[in-house]
Amino acid sequence: MEAPFDATKTKSDMMNFSGSASDMMSLMANAGIVLPDAKEAALKVAAAPGSAPAECSDPNCGHDHSHGGHDHGHDHGHDHSHSHGHDHAEKTHGHDHSHSHTHEGAVEPVEINCEFDSGNILVDDLSDPSGKGIRLRVRPDVFTELENKSHNQWFHFKATGVCDGSCGSGAPTKFVIDKADKCSFPDAWPNTTICASFDRKEWFRILDTTWNEKDGTLSWSFAASAHPGATSTSKVVWFAYFAPYSWEQHQDFLGKCACSPLVTAKVLGKTLDGRDLDLLKVGGSGKTKVWVIGRQHPGESQAEYFLEGLLTRLIDRDDGLARKVLQTCTFYCIPNMNPDGSIRGHLRTNAAGANLNREWQTTGDYQAPTLERSPEVFYTLKEMDAVGVDMFIDVHGDEEIPMNFVSGMEGLEKWGPRLQALQGAFVNSFVRANPDMQGDVSYEPEPAKQANLAICSNQVGNRFDCLSVTFEQPFKDCATMPDPAWGWTPNRCCKLGASVVDVVAHCQPYLRAEGPFWETMDARDAYKRPTMGTANTTLGPTGQRSSAHKGQASPEVSALDRELLEAERRIQTIRSQRAKLITN
């Protein structure tokens, strides 16, 4: 039988209490006293072994300096299962958030989260944000069967409690992505400046982004001097490889376009995660069929901004050239070919791990496209076969080359004077329409008649005997028109996309012209074979690039590539030294 409760005695015992926190908890439990959750948790931390606080030297500080080990093992409860039996990568982060209580002059705790649309990061260590830095890694995509690997390079996360050097500690928060040398395209990291935003609308560049080839890390600080493009400040900031284009943005823009009398919206089919694959048809009376698709690789968000710029101009009833083009052309636009991968925070694959830009034809025993693995390509190709294609643009982003450029049709069986002239007209008219475009640098063209028809633009060009190109935009600053504080931006992507209207207006008369039309074309449109991208990138040790192709470089070109690599390493070293001087 329990002894009767004596409130007077219990109160006296607690007021004169001199035991441990654990004993205090037992005493309170016997007294039937219930604390709010937060206070009870704090008392439990104090009672835990090894939690005795360090003595504070500040006589005026009334804070509790006990530091418990907080285990933030997040179970996000996402159910990505479906009947296709795919293996989905888990998004589980073991966060160790120490120092939950601080006093003036101490380093504030930093919280990292990526559980939102297109989020991607793994957190290894948060214990020393201004010293060795917040230690992070990029989470890999779902395994890709055809390429026998798991891609990773895209990252996007929120940091709360960051310091730009003006806070009490005086030291800016530092971020370090470990194992960056194990990402899909490590050759892309030199001269990369990552993107940051306080409001998720305005994205600026972090100029002290540093690639350390020796230890395989990509790092940056949040020093105020390192982000001069920012127009405001906050202790909450989002970081990303490039400015994200969210699924909500997609829905909003889709709704805007669908309100135009010029637009017919159609769902081509469902993705593996059950999302709509949206097609926007603009016009209808024009006999020339122009197809523009974007974001087969979901981490290349530049592509969807490009499509937004194009579509915005096409539905503008006050744009005379757009109205004129729609008299002869009907546009078929798919702004996001890979909704699942975009939302999951993948770099190159869909929900099943398929690299969509390798799913346009069967490769050996690997069947493609299929409804089980690549329905996005299956439905798109089916619609193309139904309506036809006269001109095609597949929009991407390139991790390495800091320029806008076209990867063309040189490897097709049908490559000859006609396709050569069409590609020349496309590239040269684009250069004239927008100075952010250039035509001298690209990937090494594929060898004659050796095109990989599993790649989208090759398959479409061969299948429909039409002008068909892959259009690449930079992740980095645009070297031909540099703007370091901002780099290549969403707005510039949009404006570049809008320039497609000028290009189509110029090329349309030639697309299905009969006879040797190239003999009377403007000399300014003459095709020029591009050179391998060299401004800030070279071939890696294995010859792999972030391109669709692996060029067959001559020994002389390879030697120059090695010289360029050494030069770029030196440039990166100088940039790092300069950044350290600025931040110090």
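Per residue, the accessible area of segment 149-218 comes to 35 Å², computed with a 1.4 Å probe over protein heavy atoms only. In the complete set of protein chains, residue-level accessible area for residue 415 is approximately 60 Å², probe 1.4 angstrom.
Across 222, 198, the residue with the most accessible area heads the list, and the full order at a 1.4 Å probe is 198, 222. Distance between the C-alpha centres of segment 159-219 and segment 360-436: 33 Å, rounded to the whole angstrom.
What is segment 205-331 by shape, rounded, prolate or oblate, if you read a ≥ b ≥ c off the alpha carbon gyration tensor as root eigenvalues and call it rounded for a/c under 1.5, prolate for a/b larger than b/c, and oblate otherwise? Judged from the Cα gyration tensor, segment 205-331 comes out prolate (a/c at least 1.5, a/b above b/c). Apply the a/c threshold of 1.5 to the C-alpha gyration tensor of segment 338-420 and tell me whether it is rounded, prolate or oblate. Here segment 338-420 falls in the oblate category. Let a ≥ b ≥ c be the square roots of the eigenvalues of the Cα gyration tensor of segment 283-384; is it rounded (a/c under 1.5), or, if not, prolate (a/b larger than b/c) or oblate? Oblate, since a/c reaches 1.5 and b/c is not below a/b. Each of 494, 507 has its accessible area taken with a 1.4 Å probe; listed largest first, they run 494, 507.
The values are calculated or read from the model by the stated rules, or taken from the named source; none is laboratory data. From a predicted model like this one, the values you see are computed outputs, not experimental measurements. Keep in mind that these areas ignore ligands, DNA and RNA; they rest on the heavy atoms of the full protein, side chains included. Shrake-Rupley method; radii C 1.70, N 1.55, O 1.52, S 1.80 Å.
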